[in-house]
Amino acid sequence: MDILEILLSASFWTAAIRIASPLIFATLGELICERAGVLNLGIEGIMVAGAFAGWMAVYSGTGLWMGVAVAMAVGMLFGLVHSLLTVPFGLSQHVVGLGVTLLATSLTYYAYRLALPEVTSPPKIDAFQPYEIPLLSDLPLIGPALFSQTPLTYLAFILVGVVAFVLYRTPLGLALRAAGENPSAVAAQGLSVTGIRMGAVIVGSGFMAVGGAFLTMSAFDSFFFEMVNGRGWICIALVVFGAWRPGKALLGAILFAAFDALQIRIQQTPLGADIPYQVFLMMPYFLSILALIVMSRRAEVPAALMVPFNKGER
Amino acid sequence: MLRPEAARVVLRLDGITKRFGKLVANDAISLSLHQGEVIALLGENGAGKTTLMNILFGQYTADEGTVEVFGQTLPPGNPRAALDAGVGMVHQHFTLADNMTVLENVTLGTQPLFAPRLDRGAARDKLARLAADFGLQVHPDARVGSLTVGERQRVEILKALYRDARILILDEPTAVLTPQEIDDLFATLRKAVKLGLSVVFISHKLHEVMAISDRVLILRHGRLVAERPIAEVDKAKLAALMVGSEVAAPKVEQGRPGAVLMRLQDVTTPDRGSAPGLNRVSLALHSGQIVGLAGVSGNGQAALADLIGGLIRPATGRLDLNDAEMQDWTPRKAVQSGIARIPEDRHKTGTIAEFDLTENAILESYADPPYSRAGWMSWGVAEAFTRQIIDTYDVRCPGPGTRIRLLSGGNMQKLILGRVLEKAPSIILANQPVRGLDIGAVNYVHSQLLAARDRGAAVLLISEDLDEIMALSDVIHVMSEGRLSPGFARGSMTPAELGVWMAGQGFDEAETAHAS
């Protein structure tokens, strides 16, 4: 059976994990924002900006890790804009989020044209290369899938643990979750809801940008328009799929990526000859919606998500 | 009890003034609290009690005046400083995060925000010690969302104690409790006082003030109008001081029940989220009778109100109106059958804030003549109707064209009352009809409900306020977890006996008795 063969091949899982990596970064970023009570629809645009900023920095001569830092900083800047408008000013999070996405996308394309006015095909950089972790990478199937990836993928997996630890094991995480559930509980303890929410959005946006940078610096080695291609929106769904929990969100990202990797491979089987390829392209999205319906029915939305908090109001 | 002169002053407010636009919420209020003392802050809704306490706690900034705790002046507008100085506040609307555990809620904000990890062990020990000392038993790992209202309040108090509060402020703490839970709360407060804490108790319930406090301070329209040791006052005196004049509650005579207008037989409705639906409820509403429905909110009262109002239908069982079974029961049919509703939340479901009085007055009948004919509104008729309500029910407002959100709660409720009663309804569903109203308005609403009863209407009064239920009802039922107790005749039950049913205990005994 063709599909079973695909599912048991190491190259399939290697691809799935690679495809999942940018989603993991961005989903964690969105999760942090939403746990603090802010829906960040700027995610798609911030990923575009991150993809460009990281790649441009490396192209201009910085090191790869410096590129990641630059992407993160750019993401945080857009996070600052988003959080200023939504938290202290309490504007509609939907409108601001879409605005940030459009702003970040167009600014990125503008910057690209300014920086590279003459080029017809974008230049390549020396991207992150896979690093085989000794011993572990020799394991069958999971060796190549999990331990022969680029350093950015390892970072994504480490970040899942870090975010989970911070959320559930530190006073900061406690305050952040409370800000998304009942901000007056946070205010009554003398903490700043505004500060916590803005901080969460800024850091979360930074992670989103790193997710974007993964595309130009690890998955590919160049920047194209439309390369983010809706991944930000998928991450919004993944947060719901993961019931606002980092571990479950990680599973969701891998599941989605596996569907994506699968459809590419099915296209090349005899099955792909008979069915229009658009059907396969659609498959991961279709299956995500199905999974979302099944998984998130009992999910608990942070109670104060999208509810602005005004000090002094009851 | 310590004599106030002998004890140390732990809290002093001096000349606190706070304005919201033109409204003076607090007008040069000064007071002091001594160690081991319980003072009650008594006043009607809108008298400025909560504003004053929010200033003390640093959530509002006063325009004038200072707050002094243990001899230190607090910086204005800083809850952190108030907490650190030993002030703990139990808010009327709990400040708890439902998706977190008791322990997490209690420790929130007590450890440095950027500490590398949350220290749960020490927190757990301290919480257990406090729970034992003060008799506040709550499971530390229970999710707050799964707790009862009484338990949540214990968590709020524990939160304050955990931060080593020496002064406890409780804002309307009894509003949501059963009589037994109120007793428990008072026992806790007495323990706290014995351990050297001081308490500010905010309330508008006179008997509770009499029961717990050493001294009472009365606020009226933002002013501190009187300050009395509790030994020198009684309930009547307090009521007079609170309102500014002698008040007489309407005299209630026994109703004369007539025919059954509405009957529920074994009605069950599905649960809604955490709120239970009805569980095999049978109830008869007689003409000329007020049926009181007591119970802690969230025990199925909303389902019963929605059922009568036509918003939901029985899943099993039947609903009869004038001895005919109602099929395809809808809100429209309910209105047309002469059922009038005073909704639980006058802001959310009773009125439309941005609509004017006229539009609100015909919300339930706009599609019927004479307000509209052949699809056209007759605004002249509607406005005349509104003027009639304004005159008859003494709605204080600039005119029928005023947007209703500009009215006070009492006047808004009077308009709803007029809208309901002017139709001479046969059945009146009064859901929390006086919540948040001042005594004058409360008495007015009550006397109107009594008058409607005497005209022959059947009244179903749903209230969390047991005093209100006991004063008005000819028959009292208690709801608990969707079940309805048998009817108790006026005067046959004490509050404590009703409280047993409210806590859900009477039902099991009744079922056992029934089964055997």
Only one of these conditions is not met by B:GLU68: (1) within 29 Å of the chain's Cα centre (by Cα); (2) among the acidic types (Asp, Glu); (3) more than 7 Å from chain A (Cβ to nearest Cβ). Which number is it?
(1)
Is one or more of the residues making up the stretch B:313-321 at pLDDT 90 or above and assigned to a helix (DSSP H, G or I)?
no
Going by the structure shown, is A:GLY54 at positive phi and not hydrophobic (A, V, I, L, M, F, W, C)?
no
Do the conditions hold for B:ALA284, that is, is it on the phi < 0 side of the Ramachandran plot and buried (at least 16 other Cβ atoms within 10 Å of the Cβ)?
yes
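Determine if the stretch B:277-299 includes at least one residue that is touching a residue at least 12 places away in the same chain (Cβ under 8 Å), outside any loop (DSSP other than H, G, I, E, B) and basic (Lys, Arg).
No, the stretch B:277-299 contains no residue that is touching a residue at least 12 places away in the same chain (Cβ under 8 Å), outside any loop (DSSP other than H, G, I, E, B) and basic (Lys, Arg).
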Qualifying position, being closer than 23 Å to A:ALA304 by Cα, modelled with pLDDT of 90 or more and within 14 Å of chain A (Cβ to nearest Cβ), among B:VAL102, B:VAL87
B:VAL102
Report, ordered by the first and then the second residue, all pairs with beta carbons closer than 9 Å, sequence separation of six or more or different chains, a first member in the stretch A:225-236 that is more than 18 Å from A:ARG113 (Cα to Cα), and a second member that is at pLDDT below 90.
A:GLY230/A:TYR285; A:ILE234/A:PRO284; A:ILE234/A:TYR285; A:ILE234/A:SER288
Identify, from the list A:SER184, A:SER106, A:SER83, A:SER137, the residue that is hydroxyl-bearing (Ser, Thr, Tyr), within 14 Å of chain B (Cβ to nearest Cβ) and assigned to a helix (DSSP H, G or I).
A:SER184
So, in the stretch B:155-184, of the ones that are under 28 Å from B:MET493 (Cα atoms), out of contact with any Lys or Arg (no Cβ under 8 Å at 6 or more places or on another chain) and not hydrophobic (A, V, I, L, M, F, W, C), which residue ends up modelled with the lowest pLDDT?
B:THR178
Among the residues of the stretch A:223-232, is any under 14 Å from the mean Cα position of the chain (by Cα) and surrounded by fewer than 16 Cβ atoms within 10 Å (Cβ to Cβ)?
yes
Examine the stretch B:342-349 for a residue that is under 30 Å from B:GLU253 (Cα atoms), assigned to a loop (DSSP other than H, G, I, E, B) and out of contact with any helix residue (DSSP H, G or I) (no Cβ under 8 Å at 6 or more places or on another chain), and state whether such a residue exists.
yes
If you take the residues of the stretch B:354-389 that are among the aliphatic types (A, V, I, L, M) and surrounded by fewer than 13 Cβ atoms within 10 Å (Cβ to Cβ), which of them is modelled with the highest pLDDT?
B:ALA374
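Confirm whether B:PRO331 is in contact with an Asp or Glu (Cβ under 7 Å, 6 or more places away or on another chain) and either of a type in the set (Ser, Thr, Tyr) or surrounded by 14 or more Cβ atoms within 10 Å (Cβ to Cβ) (or both). Show your work before the answer.
Values: in contact with an Asp or Glu (Cβ under 7 Å, 6 or more places away or on another chain): no; either of a type in the set (Ser, Thr, Tyr) or surrounded by 14 or more Cβ atoms within 10 Å (Cβ to Cβ) (or both): yes.
No: the conditions fail for B:PRO331.
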Might you let me know whether the stretch B:161-175 holds any residue that is in contact with a helix residue (DSSP H, G or I) (Cβ under 6 Å, 6 or more places away or on another chain), more than 24 Å from A:GLU300 (Cβ to Cβ), without any contact (Cβ under 8 Å) to a residue 60 or more places away in the chain and more than 14 Å from chain A (Cβ to nearest Cβ)?
yes
Please go through the stretch A:169-181 and give me each residue that is more than 7 Å from chain B (Cβ to nearest Cβ) and small (Gly, Ala, Ser), ordered by number.
A:GLY173, A:ALA179, A:GLY180
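Looking at the stretch B:239-251 only, could you name the residues that are touching a residue at least 12 places away in the same chain (Cβ under 8 Å) and either more than 20 Å from the chain's Cα centre (by Cα) or more than 24 Å from B:TYR444 (Cβ to Cβ) (or both)?
Here is the first cut: in the stretch B:239-251, the residues touching a residue at least 12 places away in the same chain (Cβ under 8 Å) are B:239, B:241-244, B:247-250.
Passing the criteria: B:LEU241, B:GLY244, B:VAL247, B:ALA248, B:PRO250.
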The condition from (1) surrounded by fewer than 15 Cβ atoms within 10 Å (Cβ to Cβ); (2) modelled with pLDDT under 90 that B:LEU195 misses is numbered (2)
Out of all the residues in the stretch B:125-135, is one or more among the small types (Gly, Ala, Ser), within 12 Å of another protein chain (Cβ to nearest Cβ) and surrounded by fewer than 21 Cβ atoms within 10 Å (Cβ to Cβ)?
no
Take the residues in the stretch B:320-336 that are in contact with a strand residue (DSSP E or B) (Cβ under 6 Å, 6 or more places away or on another chain) and either in contact (Cβ under 8 Å) with a residue 24 or more places away in the chain or outside the structural domain of B:HIS286 (by TED's automatic domain parsing) (or both), then tell me which one is nearest to B:ASP394 (Cα to Cα).
B:LEU321
Would it be correct to say that B:GLY135 is among the small types (Gly, Ala, Ser), within 30 Å of B:ALA28 (Cβ to Cβ), touching a helix residue (DSSP H, G or I) at 6+ places or on another chain (Cβ under 7 Å) and in contact (Cβ under 8 Å) with a residue 24 or more places away in the chain?
no
Inspect the stretch B:213-233 for any residue being under 21 Å from the mean Cα position of the chain (by Cα), at pLDDT 85 or above and in a helix (DSSP H, G or I) and give the result as yes or no.
no
Of those in the stretch A:25-75 that are of a type in the set (Phe, Trp, Tyr) and closer than 22 Å to A:ALA257 by Cβ, the residue surrounded by the most Cβ atoms within 10 Å (Cβ to Cβ) is A:PHE25
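Count, please, the residues in the stretch B:136-148 that happen to be surrounded by 17 or more Cβ atoms within 10 Å (Cβ to Cβ) and more than 13 Å from chain A (Cβ to nearest Cβ).
Number of matching residues: 4.
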How many of the residues in the stretch B:105-119 are surrounded by fewer than 15 Cβ atoms within 10 Å (Cβ to Cβ) and either more than 8 Å from every other protein chain (Cβ to nearest Cβ) or closer than 16 Å to B:GLY145 by Cα (or both)?
1
Of (1) crowded, with 18+ Cβ neighbours inside 10 Å; (2) within 21 Å of the chain's Cα centre (by Cα), A:MET283 satisfies every one except (1)
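Per-residue answers, yes or no, for (1) over 30 Å from B:THR95 (Cα atoms); (2) modelled with pLDDT of 95 or more:
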site	(1), (2)
A:GLU181	no, no
A:VAL186	no, no
A:LEU191	no, no
A:ALA200	no, yes
A:ALA209	yes, yes
A:GLU226	yes, no
A:GLY252	yes, no
From the list A:GLY204, A:GLY190, A:GLY195, exactly one residue is part of a helix (DSSP H, G or I) and within 14 Å of another protein chain (Cβ to nearest Cβ). Which is it?
A:GLY195
For B:ASP183, which of the numbered conditions (1) among the acidic types (Asp, Glu); (2) buried (at least 21 other Cβ atoms within 10 Å of the Cβ); (3) away from chain A (no Cβ under 13 Å) fails to hold?
(2)
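The values are calculated or read from the model by the stated rules, or taken from the named source; none is laboratory data. On a predicted model such as this, the values are computed, not experimentally measured, just so you know. Note that we place each Cβ from the backbone using ideal geometry, even for glycine, and neighbour counts take in every protein chain shown.
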